[in-house]
Each structure stands twice: as structure tokens, then as C-alpha cells.
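Since the structure comes first, as C-alpha cells, the remarks are kept for the end.
Just so you know, all these numbers are worked out from the coordinates, no wet-lab data involved. Bear in mind that the values here come from a model prediction, so they are computed numbers and not experimental data. Every residue, glycine among them, receives a Cβ derived from its backbone with ideal geometry; neighbour counts consider all protein chains shown.
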């Protein structure tokens with residue numbers, strides 16, 4: 001994608017330059033989000049072990065098991081364990097856990113909207129470049145009063161269509177990246193809810 005985009009800078013003018021910038025931006029965002037979300041669904045086995053320790057009454061060991069967890073579910077669960085150890089329960093704890101969970105979700109969703117915007121506007125920019133190029137080609141044909149070389153006209157149309165292809169090449173990775181990462185974030189959010197719910201249930205009913 002990148003070689004094609006930069007190869008068309010001269011043919012597509014400012015729109016191709018803008019699409020090249022959007023391509024670089026989208027790939028940078030994708031890499032950043034991959035690194036950020038790498039551990040977002042990790043720690044399932046670790047949390048299972050911690051819950052077993054909590055149910056057995058070894059709360060210190062349970063907290064120690066999760067202290068170095070890297071997933072949002074680990075962090076929220078550790079906070080819940082610390083609060084329960086201090087005697088904080090009921091609606092107050094649930095409200096605070098909801099707030100922390102929303103903060104984690106907002107952090108994970110950061111910059112996803114930008115990818116979605118890039119995926120939405122890139123094809124439109126490509127289409128705009130094509131329309132402007134076609135207008136220019138037919139203006140040249142009109143000025144030549146029908147005597148224009150067919151190969152010259154075809155070359156102008158080819159250059160115009162190039163911006164549409166470039167717009168799609170920018171939009172597709174951005175759309176795929178945003179979709180896959182949104183699915184991963186949703187799964188991570190479900191893990192947070194599941195972990196907290198499991199801990200609170202064990203706290204009230206250790207025998208389960």
C-alpha cells in the first residue's frame with residue numbers, strides 16, 4: 001500500500017499527499033493500539049488461581065497472585081480485593097468498581113474513533129480526487145476541440161482513478177484494525193465484569 005500511495009503523489013496532487021499522511025497515521029495508530037491492547041485479555045489462569053486462594057481464605061496470597069497482572073481485569077480485581085480486605089462492600093464498592101471499569105474501557109477505546117474516521121473519509125477523499133481529475137481531463141478535451149490524443153485523455157483518467165484506489169487502500173486497513181480492536185476491547189470489558197462478579201460472589205459465598 002505505501003509504495004503505491006507515494007508513487008501517486010505526483011499524479012494525484014494534494015489529495016494523494018493527504019491520503020499518504022492518513023495512511024501513515026492509521027498504521028501508527030494500529031501499531032500503538034496493538035501494543036496497548038496486547039495484554040488486555042491475559043491473566044485468565046492467574047485470576048482463577050487467585051479466586052481459589054480467596055475462597056480458601058488466603059486473601060494475602062490471592063492479592064499477591066494478581067499484583068503483577070497486566071490486564072485491566074487484573075487491575076480491577078486487585079482493587080476490589082484490597083477494598084474487601086478493608087471492609088468496603090455493597091453499593092459503594094460496586095459504584096467505584098463501575099467507575100474504574102469505565103476508566104479502563106475509555107483508555108482502551110482511545111484513538112479507535114480516529115481510525116474509524118480515517119476509514120470513513122479516505123474513500124471520500126479518493127472519490128473527490130477522481131471527480132476533480134475527470135473534470136480536468138474533460139476540460140482539456142473541450143479545449144482541444146475534440147482533437148486531443150486518446151492516449152493523453154486515457155492517461156488523465158487513469159491518474160484520476162488512482163486517487164480512488166489509494167483512498168480504498170488507506171481505508172481498508174484502518175477499518176479492519178478498528179473493527180478487530182473494538183472486538184478485543186469488548187472482550188476485555190466482559191472479562192472485567194466477569195472477574196469482579198466472580199470475586200464478589202466468592203466473598204459472599206466462599207463455598208461456591
Mean-square fluctuation maximum in Gaussian network of the chain, Cα pairs under 10 Å, restricted to 181, 16, 134, hits 134
So the angle from the long Cα axis of helix 72-85 to the longest Cα principal axis of the chain, reported in degrees to the nearest 10, equals 20
Ordered by fewest other Cβ atoms within 10 Å, a rough proxy for footprinting exposure, 51, 138 read 138, 51
Highest GNM mean-square fluctuation among 100, 132, 162, for the chain with Cα springs under 10 Å, belongs to 132
Placing each pseudo-label 7 Å from Cα in the direction of the beta carbon, residue 136 and residue 24 end up separated by a distance in nanometres of 2.2
Contact order relative to length for the chain, counting C-alpha pairs under 8 Å separated by 6 or more residues, stands in percent at 33
Stretched fully, the stretch from residue 193 through residue 92 gains (0.36 nm per residue minus C-alpha distance, one decimal, in nm) 34.7 nm
Least to most buried among 204, 58, 74, by other C-beta atoms within 10 Å and fewest first, runs 204, 58, 74
In nm, the gap between the two label points placed 7 Å beyond Cα toward Cβ at residue 180 and residue 99 is 3.7
Ranked from fewest to most other Cβ atoms within 10 Å of their own Cβ, 63, 33 fall in the order 63, 33
In degrees, nearest 10, the alpha-carbon axis of helix 150-204 is tilted away from the dominant principal axis of the alpha carbons of the chain by 10
Rounded to the nearest 10, the angle in degrees between the Cα long axis of helix 90-109 and the longest principal axis of the Cα atoms of the chain comes to 30
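Provide the gained length on full extension for the span residue 114 to residue 58, in nm with one decimal, where the gain is 0.36 nm per separating residue minus the Cα-Cα distance. Before the final figure, lay out each step's value.
Numbers: separation 56, 0.36 × 56 = 20.16 nm, distance 4.49 nm.
Full-extension gain reported as 15.7 nm.
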For residue 34 and residue 48, extending 7 Å from Cα along the Cα-Cβ vector and measuring point to point gives, in nm, a value of 2.9
If one builds a Gaussian network model of the chain from Cα atoms under 10 Å apart, the most fluctuating residue listed among 14, 123, 91 is 91
